[in-house]
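Report on one structure; see the data block that follows.
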Amino acid sequence: MKYLAWFGTVLVALLAVVYVIVFTSFGNSIIGPILEKEIQKQTKLESKLSTFHLNMSDFDIVLELDSNNSISFNGKYSLFLQDFNISYKLKIDNLQALQNFVKVPVSGNFHTSGTVCGDLHLIDIAGVSDLAHSDTSYHVKLNDFHPVSIKAKVQKAQLALLLHMIGEKAYADADVNLDIYFTDITPHAMNGTISLETQKGKMATKLVKTDFAMNLDAKLKGDDVDYTYILSSNLANITSSGKIMPEPFKADAKYALNIQELAVLKPLLGADIRGALRIEGKIKGDKSHLVIDGQSDLASSDTIFEAVLKEFKPDKIKANIKNMQISKLLYMSKQPHYTDGVLFLDADISEMSGGSLQGIVNTNVKNGLLDSQYITQTYGFTSPMPTTTFHSTAHTVLSGDIVDTKLALESSLLKFDSNRVRFNLKDGSLKSDYKIQISSLDKLYFLTQRHMRGGISAEGEFQKAKDLDLSVRSKVAGGDIDATLHNDDFRADLHSLQTLDILNILIYPEVFKSTLDGKLSYNLMQQKGTLQAHLTDGKFVKSQMLDLVKQYVKVDMYIEKFEGELSAASNKENIVASLDLKSNTSSITTKDAKLNSKTKQMDATVTLVANKSPITATLRGEVTSPKISIDLEKLMKSQAGEAIQQEVGKLLQKLF
């Protein structure tokens, strides 16, 4: 009994101490500062308990988080019955001050007040709020601290203020009405409805102002959500309806989008596109296998597609596009209008997951027409690009990081074929073979600024990785050209080119027939290059001047076979050339003849020696009509001197 009495005394004393500390004004003055410091530590604010009153049956607490934000609680409770009736009030005039505490960007203000009553097993919370200038009421019931029912009604909340409160730009405004009524929110046994409505919606962008309205009606039953969604505006209409199971995810729904102007969605999509888009289809499946199919009129096309997602990531896709207008596609993507045409595409990509692509894509462009006026202006061509039509086909195989394409392009300018264009997605390298045929070189006048006859064909390989490499093989002018380009360095070997054919292609007078072998080198960046060539079996063609030389100088230049060297060096537009041709009895030489390809000015001295009789001519001025001075020496004293002088001038002008 002695120990029992001692224990009882200690217990009573402890209870008395607890009572004094917790439930008396003296105790409140001790506990209050302790709680205040802990709150300051958690909120990182200069918080203050301006009121702290707690006794055995009631309490009154006012917490001033800072000068603009406060929370107050007051009410009655029973420790023995474990019930309570509490009133609360939150006055938050500066949400931004709580940003460090709530860990998300917030701003604006928020007020709410209400009551919490019940016991530890069943709690009833009811309150009102002015959230985003709305008229909001809510009612929540908790069973053993777990929500079992919710009823909330939000009327005329301002969307712009809601966006501002969560740190988003106020790109839109509207009156938002929300009704939530759940009689049971137990997981997997939910029963309730949600109705969301926006009225008087307005969204302003740099391009246009948009009026919109939105409705969402959803019914939750167990794990299923049956919903209907409608968004209407002067620029877009979006509808969707069906059934969704949030967890584990399942969907069986349909959707439709009718967007009159994509540009206004840039703040939401982040894509700089424009134009109209209509698309509709279905979404069906679960997280492991979700199928999205649809059809669209993208760029006036007939498009159908089916995409399969695994774990919400693309796994497979099939698409068939017919009659897509390329000009409209360029407009939508804000690209220059450099061509018209109709695009057809058939894609079957059987694997997209894991960064490995497997599939086939076939594309076909019909009725292609380049915008010659735009291309001429953009690239500054002196002469207009001719009207150019084209069509093309491409067969592409995707295999891992490798994209192989067989390409064929035929246009009114040229024909281009490649058996394999290989692009490596991993390192960005490109490798291709090619064949090119140009049936009329004269159609390239807008590029070359030179009229030419005939056509040309070439083939080779192209590679672009760390370096750029191009090989060219061509049969032209009765001979062969083997050339390579490594970055800026161009090299060409010239084999058995026929000078008459070259002169014919260039529409020059066909005055000299010969076989030319040589080497050409040129640096594209520096615009410098050299030509070294050897001429063999050279013969002059019939001309009045050579007839006069034959008659008076007694040398038949037609039967003479000339052989010699041709060299030239170019530095940007300046060209310096030398020629040394010799036969058994005659020679033709010029040293350091100058030509400016930009100004079309020339300065050259040419010496013709026939049977030891020299004729020296100087050509200066415009290439097309140079001023010609001729020194006939002894020939001038003969009766044919004047006639020969005139014919020599004509011949040399033709040569240059």
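The values are calculated or read from the model by the stated rules, or taken from the named source; none is laboratory data. This is a predicted model, so every value here is computed, not measured. We place every Cβ from the backbone using ideal geometry, glycine too, and count neighbours over all the protein chains shown.
Among the listed residues Asn28, Asn100, Asn85, Asn68, identify the single one that is surrounded by fewer than 16 Cβ atoms within 10 Å (Cβ to Cβ), more than 55 Å from the chain's Cα centre (by Cα) and in contact (Cβ under 8 Å) with a residue 24 or more places away in the chain. Step through it out loud before you land on a result.
Numbers: Asn28 fails: surrounded by fewer than 16 Cβ atoms within 10 Å (Cβ to Cβ); Asn100 fails: more than 55 Å from the chain's Cα centre (by Cα); Asn68 fails: more than 55 Å from the chain's Cα centre (by Cα).
Among Asn28, Asn100, Asn85, Asn68, only Asn85 is surrounded by fewer than 16 Cβ atoms within 10 Å (Cβ to Cβ), more than 55 Å from the chain's Cα centre (by Cα) and in contact (Cβ under 8 Å) with a residue 24 or more places away in the chain.
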Considering residues of segment 326-362 that are in contact (Cβ under 8 Å) with a residue 60 or more places away in the chain and crowded, with 16+ Cβ neighbours inside 10 Å only, the residue nearest to Met385 (Cα to Cα): Met332
Checking Arg274 against (1) assigned to a strand (DSSP E or B); (2) of a type in the set (D, E, K, R); (3) in contact with a Phe, Trp or Tyr (Cβ under 8 Å, 6 or more places away or on another chain), the condition it does not meet: (1)
Selection within segment 39-66 - more than 21 Å from Leu95 (Cα to Cα) and outside any strand (DSSP E or B): Asn55, Met56, Ser57
Any hit, segment 228-250, residues being farther than 22 Å from Glu306 by Cα, crowded, with 17+ Cβ neighbours inside 10 Å, among the aromatic types (Phe, Trp, Tyr) and without any contact (Cβ under 8 Å) to a residue 24 or more places away in the chain: yes
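Here's the yes/no breakdown for (1) among the hydrophobic types (A, V, I, L, M, F, W, C); (2) modelled with pLDDT of 80 or more:
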| residue | (1), (2) |
| --- | --- |
| Ser25 | no, no |
| Ile34 | yes, no |
| Lys37 | no, yes |
| Lys48 | no, yes |
| Asp60 | no, yes |
| Leu65 | yes, yes |
| Phe73 | yes, yes |
| Asn85 | no, yes |
| Tyr88 | no, yes |
Tally, over segment 454-493, of residues that are surrounded by 13 or more Cβ atoms within 10 Å (Cβ to Cβ) and part of a loop (DSSP other than H, G, I, E, B): 5
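Which one is farthest from Tyr181 (Cα to Cα) among residues in segment 233-253 that are under 30 Å from the mean Cα position of the chain (by Cα) and assigned to a strand (DSSP E or B)? It would help to see each step written out before you state the result.
Keep residues of segment 233-253 that are under 30 Å from the mean Cα position of the chain (by Cα), which gives 233-240.
Those left that are additionally assigned to a strand (DSSP E or B): 233, 236-240.
Details: Ser233: 28, Ala236: 30, Asn237: 28, Ile238: 26, Thr239: 23, Ser240: 22 Å.
My answer is Ala236.
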Filtered residues of segment 125-177 (kept if in a helix (DSSP H, G or I) and either charged (D, E, K, R) or in contact (Cβ under 8 Å) with a residue 40 or more places away in the chain (or both)): Ala132, Leu159, Leu161, His164, Met165
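Scanning segment 522-540 for residues that are hydrophobic (A, V, I, L, M, F, W, C) and within 16 Å of Lys582 (Cβ to Cβ), which turns out modelled with the lowest pLDDT?
Step one: filter segment 522-540 for residues hydrophobic (A, V, I, L, M, F, W, C), giving 524-525, 531, 533, 535, 540.
Then keep just the ones that are within 16 Å of Lys582 (Cβ to Cβ); that gives 533, 535, 540.
Numbers: Ala533: 95, Leu535: 94, Phe540: 82.
Taking the candidates together, the pick is Phe540.
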Residue within segment 266-289 that is over 24 Å from Ser301 (Cβ atoms), out of contact with any Cys (no Cβ under 9 Å at 6 or more places or on another chain) and among the hydroxyl-bearing types (Ser, Thr, Tyr) present: yes
